[in-house]
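K.L.:
Quick one: structure below, then a few questions.
The values are calculated or read from the model by the stated rules, or taken from the named source; none is laboratory data. Predicted, not measured: the structure shown is a model, and the values here were computed from it. All Cβ positions, even for glycine, are placed from backbone atoms using ideal geometry, and neighbour counts span all protein chains on display. Remember, those area values only see protein heavy atoms, side chains included, never the ligands or the DNA or RNA. Shrake-Rupley method; radii C 1.70, N 1.55, O 1.52, S 1.80 Å.
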Amino acid sequence: MGGEVPEPRRLSRALSFGCGGVPDEALHLVMGYVDAPRDREAASLVCRRWHRIDALTRKHVTVAFCYAADPARLLARFPRLESLALKGRPRAAMYGLISDDWGAYAAPWVARLAAPLECLKALHLRRMTVTDDDVAALIRSRGHMLQELKLDKCSGFSTDALRLVARSCRSLRTLFLEECVITDEGGEWLHELAVNNSVLVTLNFYMTELKVVPADLELLAKNCKSLLSLKISECDLSDLIGFFEAANALQDFAGGSFNEVGELTKYEKVKFPPRVCFLGLTFMGKNEMPVIFPFSASLKKLDLQYTFLTTEDHCQLISKCPNLFVLEVRNVIGDRGLEVVGDTCKKLRRLRIERGDDDPGLQEEQGGVSQLGLTAVAVGCRDLEYIAAYVSDITNGALESIGTFCKNLYDFRLVLLDRQKQVTDLPLDNGVRALLRSCTKLRRFALYLRPGGLSDTGLDYIGQYSGNIQYMLLGNVGESDHGLIRFAIGCTNLRKLELRSCCFSEQALSLAVLHMPSLRYIWVQGYKASPAGLELLLMARRFWNIEFTPPSPEGLFRMTLEGEPCVDKQAQVLAYYSLAGQRQDCPDWVTPLHPAA
């Protein structure tokens, strides 16, 4: 009373956003603790100052599709990058649906970025064409400081490039070549690596045709005391005894082989290093399983995809592995094997069940995987975060069980095989709804069924309950264009969509894209295509590239070795958001579409 009325307290816009009064040094430190790309993106939009500091402090960038960005713009935006990951050809290339000459060449990126990115220590290329010249250009500029080189499912280079890497990159800690197609010009690269490197932590040339010289691996283990992970191509396990004795720090081993199945006496002297807890062996049969038994209880990851084990063998081995976090098998494991998994592996986080032998006799003998096995796993392994499974039968109830018990799932993928004439419970509308409603942490979702597996109602449910999902693959789903539109209206956060073998029209696909505001990438194969794909222009918008691959005339009457129609019989569409404009290296059989045309 009687005094002056105090001014109302006001928080300035600058202070509320942290843009004023906070030194650059402090913001640099804070940004250093923000790693998630989406969080970084949000922070960079606060104000120009934050945008600048984000640019200067960003250490890693992943370019989800190599044609979505321009190397020069990336360099200008993030001049101090230490790590860069690039993804090339669509995922469908892994299944033979896209040929190697489609594009995704590493040359423009290496030429523009290798020298200017002075802080670059790690490069990861996935499904790209990499030549020896590309590797040489990278090594000339960054070889002295390169610590990590990952070429994942790449092609186009030879062991000459690997020999150059081995000679020049003395600080290399990770060399990853899994599933690469590499021309073998000699095995000296491995010897050079063993002689010149003393800091290697991870070496992976699993699922390649590269030759293994056991003496070189032994020398590598002696010189690289920090070697923790080794995954190799085929090499008889009995020839690796010296390597295992020298690799005392090894924790992760995959590859090798049992070239003489049934000859346990030959492998009795094989003793894995004491710290090994991640294991994947090839061509292992029942008689060789005792090699694993002494340390099976300490295993955290087990890969049995390339073994000769029966359902009963799986049951016996897995019952001795109670501490598994990751299990990768083929569907020969059967429902009985998955029941053992549910009873034994209470800590399991990741389960992958790949498609096994297509021999009908084997499948009848072993039984395959159905709703019974998946339900047993869901009930018994409640910490699961990832499930990918090929199944012969599935029900709504099994999907509901997964939703009820596996609340931590962030990635779920299901493929329904077409071996059985009848499936117990189709469509799977209610099961999919129950799973999506319960598993609120899901970020990736794949469902590849058979005709009739999911109705328009089920598609609508996916749209309604997939608000957090960013990647989705759907095959043989829906009944009409209306179902697709209802699905699209609900997918507000979906960034990447792949569709196969669908009944939708070209016009509906275009309208669906317009209903998904966050969509950055869509690939479709097998739909009601027009001759020239012109109705796809309905989805045209700023920065949106559309590429149409018409059916190949030669493929119309060709069949695969399995009696299936050739994949190039069906039209394909790839559309994606890009700041780099139309790509200039489209093969002749791909037609770029844009309104100006």
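K.L.:
Taking a spot 7 Å from the Cα of Asn259 along the direction of its beta carbon, which residues of the range 186-224 have an amide N less than 11 Å from it?
P.N.:
212-214
K.L.:
Right, here's the next one. Amide H neighbours of Leu447 under 5 Å, at least 5 residues apart or on other chains, H built in the peptide plane: list them.
P.N.:
Leu414, Leu473, Leu474, Gly475
K.L.:
Next up: So who's got an amide H within less than 5 Å of the one on Gln572, skipping anything under 5 residues away but keeping other chains? H placed 1.01 Å off N, in plane.
P.N.:
It is Thr549, by chain and number.
K.L.:
What relative contact order, as a whole-number percentage, does the range 182-241 give when Cα pairs under 8 Å and 6 or more residues apart are counted? Each step should come with its number before you reach the end.
P.N.:
On the way: 78 pairs, mean separation 25.3, N = 60.
That works out to 42 percent.
K.L.:
Another question about this same structure. Could you tally the net charge around Val326, taking each other residue with its Cβ under 9 Å from the Cβ of Val326, Lys/Arg +1 and Asp/Glu -1?
P.N.:
On the way: positive: Lys300, Lys301, Arg349, Arg350, Arg352; negative: Asp303, Glu328.
Once all neighbours under 9 Å are counted, the net charge is +3.
K.L.:
Taking the full set of protein chains and a 1.4 angstrom probe, give the accessible area of Val130 in square angstrom, rounded to the nearest 10.
P.N.:
0 Å²
K.L.:
Could you give the length gained by full extension between Arg443 and Ala36, i.e. 0.36 nm per residue of separation minus their alpha carbon distance, to one decimal place?
P.N.:
Working: separation 407, 0.36 × 407 = 146.52 nm, distance 1.45 nm.
Once the chain is fully extended between Arg443 and Ala36, it gains 145.1 nm.
K.L.:
Heavy atoms only, 1.4 Å probe, whole protein assembly: order Arg352, Arg73 by accessible area, highest first. Mind dumping the intermediate values first?
P.N.:
Working: Arg352 70, Arg73 135 Å².
Sorted descending by solvent-accessible area, the residues read Arg73, Arg352.
K.L.:
Still on this model: Between Glu245 and Val181, how high is the FRET efficiency from 1/(1 + (r/R0)^6) when r is the Cβ-Cβ distance and R₀ = 25 Å? Nearest 0.05.
P.N.:
Working: r = 33 Å, r/R0 = 1.32.
Between Glu245 and Val181 the formula returns 0.15.
K.L.:
May I pose another question? Below 8 Å between Cα atoms, with a sequence gap of 6+, how large is the relative contact order for the range 133-205 in percent?
P.N.:
For the range 133-205, the relative contact order is 36 percent.
K.L.:
While we're looking at this one, here's another question. What is the antiparallel percent of DSSP beta bridges lying wholly in the chain, to the nearest 5?
P.N.:
Working: 15 of 93 bridges.
In the chain, approximately 15 percent of DSSP beta bridges are antiparallel ones.
K.L.:
Right, another one. Select one label from (i) 310; (ii) 205; (iii) 341: the one whose number is volume of the Cα convex hull per residue in Å³ as derived from the coordinates shown.
P.N.:
Of the listed options (i) 310; (ii) 205; (iii) 341, (ii) comes from this structure.
K.L.:
Share of the chain's accessible area from carbon and sulfur, percent, 1.4 Å?
P.N.:
It is 52 percent, rounded to a whole number.
K.L.:
Can you give the accessible area of Met31, probe radius 1.4 Å, in Å² rounded to 10?
P.N.:
10 Å²
K.L.:
Per residue, how many Å² of accessible area does the range 81-159 show with a 1.4 Å probe? It would help to have the intermediate numbers written out before the result.
P.N.:
Numbers: 2820 Å² over 79 residues.
Accessible surface, normalised per residue, equals 36 Å².
K.L.:
For Ser298, Ser501, Ser510, give me the order by solvent-accessible area with a 1.4 Å probe, most accessible first, ignoring ligands, DNA and RNA.
P.N.:
I get Ser298, Ser501, Ser510, largest accessible area first.
K.L.:
Then there is this: Quick one: compute the contact order of the chain, relative version, from alpha carbon pairs under 8 angstrom and 6+ residues apart, as a percent. Mind dumping the intermediate values first?
P.N.:
Values: 1326 pairs, mean separation 34.9, N = 597.
Answer for the chain is 6 percent.
K.L.:
Still on this structure, please answer the following. Using the Cβ atoms and a cut-off under 15 Å, what net charge is assigned to the surroundings of Leu74, where Lys and Arg are +1 and Asp and Glu are -1?
P.N.:
Working: positive: Arg40, Arg58, Lys59, Arg73, Arg77, Arg80, Lys87, Arg112; negative: Glu41, Asp54, Asp70, Glu82, Glu118.
The answer is +3.
K.L.:
Would you kindly derive the ³J(HN,Hα) couplings of the range 200-213 from the backbone phi angles with the Karplus curve 6.51 cos²θ - 1.76 cosθ + 1.60 (θ = phi - 60°), listing them in order in whole Hz, with x for Gly and Pro?
P.N.:
So the J values, rounded to whole Hz, are 4, 10, 9, 10, 9, 10, 5, 6, 10, 9, 5, 7, 10, 9.
K.L.:
Residue by residue through the range 412-417, which ³J(HN,Hα) values in whole Hz follow from phi under the Karplus form 6.51 cos²θ - 1.76 cosθ + 1.60 (θ = phi - 60°), with glycine and proline marked x?
P.N.:
My calculation for the range 412-417 gives 10, 9, 9, 10, 9, 5 Hz in order.
K.L.:
Which order do Lys271, Lys569 take when ranked by solvent-accessible area (1.4 Å probe, heavy atoms of all protein chains), largest first? Don't skip to the answer; put the middle values down first.
P.N.:
Working: Lys271 135, Lys569 80 Å².
Ranking Lys271, Lys569 by accessible area, largest first, yields Lys271, Lys569.
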